[in-house]
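Student: Please see the structure below; I have some questions.
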Amino acid sequence: MSTPIIFALPCCEARTETIAARIGAEPGEVGIRRFPDGESYVRIRTAVDNRPAILVGSLDRPDDKVLQLLYLARALRDQGATSVGLVAPYLAYMRQDRIFQPGEGLTSRYFADLLSSAVDWLVTVDPHLHRYRSLGELYSIPSRVVHAAPAIADWVRTHVRQPVFVGPDEESAQWVAEVATLAAAPHTVLVKERHGDRDVEVSVPDLQAHRSRTPVLVDDIISTARTMIETVGQLRRLGMSRPICIGVHAIFAGRAYEDLLKAGVSQVVTCATVNHVSNGIDLAPLMASGISELLNRQLDGDIK
Ligand code: R5P
């Protein structure tokens, strides 16, 4: 297979360079801007020459980005790309995974249909899989999920003495259990009830046996941070030490980050999937392995 060419969307230039070096791809350049009327202009600035192309772009705040992504994928094909793969460190629209109220749109599926029609494969980091068990239930293109757990466990092993992991809700159980096993530490998972976007309740953890340990909260997405803030409150009321909060995806809507810092935490650390000041865990090496795996399947003719 000829050398793939890899393009960063605005947001992902640094991690795209690391990925390119690791997978042996040539970095390419795109131009994106908005016309005064708000429409988007896209341009592929590096010759594609019948090669596989890869786009790297995190899909937080997706409504501002997706149209440009679709245009770029189409422009790459027009320029002769033999395939277009998408690396989306954060994959949006995974949480509306059910119709909760009559008449609601099942946007997880609409979004998956849209991306599946535009690109040939997808690599992402820990998508919010709750009612869907795998991306394959949603996306009709080949996909590879990169798990942040090994990198989070490494970070905790080097930075925290005697951790006890806490997952704020049942959905977080999958990440917390894996991280705790890798870090050889105990864990517990709480029960959460969400009454509204910014109104959540979490159960009281039973940490009697681990009172001297440092609580480490792990969740996939921190958006309003209400889930983390409520959990921090429960831990503080139990007299535990200030917890460390770890999120895979640093969405942080509005003043969520500032609110979390004020809630009595000792530190907030996130993985570098969405650019944020709290990014402390690099996932580029794990993402590069995931991409290489799909490129090898492409080489074997297993996928386009
Ligand atoms: C949903 O269940 C996720 O796993 C997170 O717990 C949730 O997205 C966090 O949202 P927020 O920060 O708005 O409480």
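Student: Given a 1.4 Å probe, how much area per residue of the chain is accessible, in Å²?
Tutor: Working: 13690 Å² over 304 residues.
Per residue, the chain has 45 Å² of solvent-accessible surface.
Student: Using the Kirkwood radius built from alpha carbon pairs, what does the Stokes-Einstein equation give as D for region 179-260 at 10 °C and 1.306 mPa s, in µm² per second?
Tutor: Reported coefficient: 119 µm²/s.
Student: A further question follows. Starting from the Cα of K304, draw a straight line to each of the lysines and keep only those under 18 Å, dropping any in the same chain fewer than 8 residues away.
Tutor: none
Student: Where does each of 156-162, 185-191 land if you order them by average Cβ count within 10 Å, highest first?
Tutor: Per-residue Cβ counts within 10 Å, averaged per peptide and sorted highest first, yield 185-191, 156-162.
Student: Between D120 and residues 5 or more places away or on another chain, which pairs have amide H atoms under 5 Å apart, with H built 1.01 Å from N, and which residues are they?
Tutor: V84, G85, L86
Student: Then there is this: Normalised by the residues of the chain, what does the relative contact order come to in percent, with Cα pairs under 8 Å and at least six apart?
Tutor: 14 percent
Student: Still on this structure, please answer the following. Percent of accessible area on the chain owned by carbon and sulfur, 1.4 Å probe?
Tutor: That fraction is 47 percent.
Student: Here's another thing I want to ask about it. When a/c is below 1.5 the answer is rounded, else prolate if a/b is larger than b/c, else oblate, so apply that to region 115-209 with a ≥ b ≥ c taken from the square roots of the Cα gyration tensor eigenvalues.
Tutor: Taking the square roots of the gyration eigenvalues as a ≥ b ≥ c, region 115-209 is oblate.
Student: While we're here: Over what distance in Å are the Cα centres of region 1-49 and region 204-263 separated?
Tutor: 36 Å
Student: Considering only DSSP beta bridges with both partners in the chain, what is the antiparallel share in %, to the nearest 5?
Tutor: For the chain, the DSSP antiparallel bridge percentage is about 20.
Student: With n ≥ 4 as the cut-off for DSSP H runs, can you work out [θ] at 222 nm for the chain, using -39500 (n - 2.57) per run divided by the number of residues, rounded to the nearest 500?
Tutor: Value at 222 nm, helices only: -9000 deg cm²/dmol.
Student: Net charge within 13 Å of E293 by Cβ-Cβ distance, Lys/Arg positive one each and Asp/Glu negative one each, not counting E293 itself?
Tutor: +1
Student: Taking the Cβ of G247 as the centre, find all other residues whose Cβ is under 11 Å away and add up their charges (Lys, Arg: +1; Asp, Glu: -1).
Tutor: My count for the surroundings of G247 gives -3.
Student: Would you mind calculating the relative contact order of region 149-304 from Cα pairs under 8 angstrom and at least 6 residues apart, reporting the percent as a whole number?
Tutor: Once normalised by length, the contact order is 18 percent.
Student: Beta carbons within 10 angstrom, averaged per residue: use that to sort the peptides 242-248, 171-177, 85-91, 11-17, highest first.
Tutor: Ranking the peptides 242-248, 171-177, 85-91, 11-17 by packing returns 85-91, 242-248, 171-177, 11-17.
The values are calculated or read from the model by the stated rules, or taken from the named source; none is laboratory data. If you're wondering where the values come from, they're calculated on a predicted model, not measured in any experiment. Ideal geometry is used to build each Cβ from the backbone, glycine not excepted, and the neighbour counts take in all protein chains shown. Heads up: the accessible areas ignore ligands, DNA and RNA and are worked out on the full protein's heavy atoms, side chains in. Shrake-Rupley method; radii C 1.70, N 1.55, O 1.52, S 1.80 Å.
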